[in-house]
1. Which one of 526, 575, 622 is farthest out on the positive end of the charge dipole of region 518-639, using unit charges on Cβ (Lys, Arg +1; Asp, Glu -1) and the Cα centre as origin?
2. Using Cα pairs under 8 angstrom and six or more residues apart, how large is the relative contact order of region 656-784, in percent?
3. From zero up to wherever the largest Cα-Cα distance of region 656-784 sits, split into 10 Å bins and tell me the percent of pairs in each.
4. Could you tell me the convex hull volume per residue, in Å³, taken over the Cα atoms of region 73-173?
5. Given the C-alpha atoms of region 418-513, compute the convex hull and give its volume per residue in Å³.
6. Once the Cβ-Cβ distance between residue 250 and residue 719 is put in as r, and R0 is 51 Å, what FRET efficiency do you end up with, to the nearest 0.05?
7. Could you work out how far the C-alpha centroid of region 724-748 sits from that of region 673-707, in angstrom?
8. Take the cross-link list 285/350; 168/350; 270/339 and give me the ones stretching past 23 Å between alpha-carbons.
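Taken together, the values in this text are just the output of simple stated rules run on the coordinates, not laboratory data. Keep in mind that what you see is a predicted model, and the values were worked out from it rather than measured. Counting neighbours? That spans all protein chains shown, and the Cβs are built from the backbone with ideal geometry, glycine included.
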Amino acid sequence: MALSIVICRHLESEAQVKPDTNTRLTATPFALSQVCLQDGPFKEREDVNARFLLTVDTDRLLARFRQEAGLAPKAEPYRGWESKELGGHSLGHYLSALSLLYASTGSSHALERIRYIIDELDACQTANGGGYVLSVPRRVFEDLRQGKIKASGANLNDCWAPNYTLHKMLAGLRDAYRLAGNNKALEVERKFVDWLADVLSGLTEAQIQEMLKAEHGGMNEVLADLAADAGDARYLRIAEREFHHKAVLDPLANGEDNLNGLHGNTQIPKVIGLAREYEMTSNPKCRVAVETFWDSVVNRRSFAMGGHGESEYFFPPEQFPEKLTPYTAETCNTYNMIKLTGHLFSWEPKAAHMDFVERALINHVLANIGHRPGEFGYFLSLASVGVKAFSPPFDAWWCCVGTGMENPARYGEMVYFHGPDTLWVNLFMGSTLAWAEKGVSFRQETRFPEEDSVRLVFTCKRPVPFALKIRHPYWCEHPKVKINGKAMTVKSTPSSYMTFERTWKSGDTIQLRLPMALRLEFLPHSDDRIVAVMYGPIVLAGIVPVEPGVSNPATQRFADHLAAKRKFDAFAPVFVGASAADVVAHLRPTGGTFAEFRSEGVVKLADLTFEPLYRVYEEPYAVQFPLMTAAEWDRREVELRAEQEQRARWEANTLDTVTPGFQQSEIEHGMQSENSTTGDFLNRKWREAHNGWFSYEMAVDPAAPNVLVATYWGGEWQSHNFDILIDGQKIGAQKLRANSPGDFFEETYPIPLVLTKGKSNVTIRFQAHANDTAGSVYGLRTRRD
């Protein structure tokens, strides 16, 4: 959340926004400059990331901005997503990351880079004229001005999510102004938004809502923040009108969860924007929407490690058992859910909010950043056996690289909050706090979560009375507390706050021990048959050994995150025991590092070592385990061996896959179309084209026979007739009508050798017959025949 929250409301005069006492925060976060991380796993990640940020070539990130402004780039753009239409989004994230780093550490190198970037953007804005400054082709917005709108999930006017890129850039400018004190950043931001307001001013409400079908990040958030920073309520009006996506936000404001099938990280920033609007307007519907969304995602849709979603999308909660794949839990989503949680806590401080932040920080955000600079994870696999897939330092620039750059400098954001006479200690993290208003310095000494003890030491200019609230985490039954060596009676329950009211003075010391215990946490809607192992707040992963001679994909780095299989070919481990308690009784500490255990006779096919998921780096692992009786395992073992052999044969010959309708899969496969739409059926996505076509670029083997395998719904009641073409040559025709009623089915189309000779990729096109429909197609796969 924003570190310097200005609370405002609408005024009759639009000249200035003033505070609204109706939305005064109960708890306020400290500025990052007041919180300094100390020795521990979070500090280690912060230091690694700082080294990466200061090796990035800013001119390469600025190249597309200069090119669009008609200025000669000073360097070649980076590859990966920066070489595509979304290029430019990384500069916004990078500017935010530098600003956060400066706020957290006072790095003069970061400040120097911030100044350089803002000066370059200012030069680009001057060259463009009128206020425009972005890497996106200006014609996208000029078409909007004329009312020409072609929008879908990831596309606006034939460009990949231009308003998403705009949001990142505006957020970077905001952070440079707020965190690094760069006044020019606010000037550049304001000029651009004034230009944008003119572009959108002539659009009707229907046209605005059509535009908002395309992903647009948290445009309502940055515009609300700009209203506060510039003291001009006009920008809040733009947030409320031009960037209020009714189809998603209005049901939430009515307390409805209509999230099934929606792209996860497209929605969370919109809700963060509503949180800012609530703080500025006191509109109760905004608050209802935020609370409805948070409760649904955190309490109904999240895995044990704090992340949610599969293949970037929300799925019906009853499908949890079917969604344990390599494509679970996009890291961007959790980054944004933590930001959203900060807003909720500031309105009504609840331990449950920070219980979630702790779970998500330790088991997702901390777990999905590598040990070397520039390694960031996109998904965090919860497949039966998974591996982490990290980016190379400079050739990926995924969205999760962008938020990944920001995360380490944000670790200290939620550790402490304060009120007039209250200090909340929310997270256990080695750190120091300077509470200047009270003349209090506060040191938290711990390597948590690598130990269960915390020591809190006060330094006060003078004795000062206030209430100290220390979170009693949900996972700890009986915290042990001593103040100045005297044992204290703890009057609190799990998921609440221990409150100590006294006059504090220099040298006062609190010793806190938070005993951790092993437990199993059941996957929702699994009938208590799929479990994760928890130790206190920590998700434990079973380390699956790599057999000799088997390639381990976890040691590779992927510029294309979808190219990483992330599914290690090994037998999925299973817990075999009479009950959850029986399983826990057979997990024994190794006597080695903290939170490391070894199973004894309770894991099939072989016992495993369990260690925190956040410590796993290049090892195959399992997090979600089927729980079976001995008799069930005997039957299942025979089935598993047959399934694995069949799957291994199939996957060994698979060259490429496309999931039609899924945003990232289609982008990575160069989807093109005319008169094409997507939708959902039986919780699967499809793509079709009426009197039109759609195409994908897919990998083939130039030295072997290839086939294309397409998945269709067998119960189409209206006849669909279309052709399948490879690089313009027809290889087959398909008619869909009651092919396999009540079920999905696959069709295989041989690809003539002459069409793949000397090629590693081909364009596969589905072309509708005249006045007919191509598809619906639910899945595509190329494989060797």
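1. Highest projection toward the positive end goes to 622.
2. So the answer I get is 37 percent.
3. Histogram of Cα-Cα distances, whole percents per bin: 13, 48, 33, 6, 0.
4. Working: hull volume 11.3 nm³, N = 101.
Dividing the Cα hull volume of region 73-173 by its residue count gives 112 Å³.
5. Measuring per residue, one finds 87 Å³ for the Cα hull of region 418-513.
6. Details: r = 37 Å, r/R0 = 0.73.
Rounded to the nearest 0.05, the efficiency is 0.85.
7. 11
8. Numbers: 285/350 21 Å; 168/350 30 Å; 270/339 12 Å.
Cα-Cα > 23 Å for 168/350; rest within.
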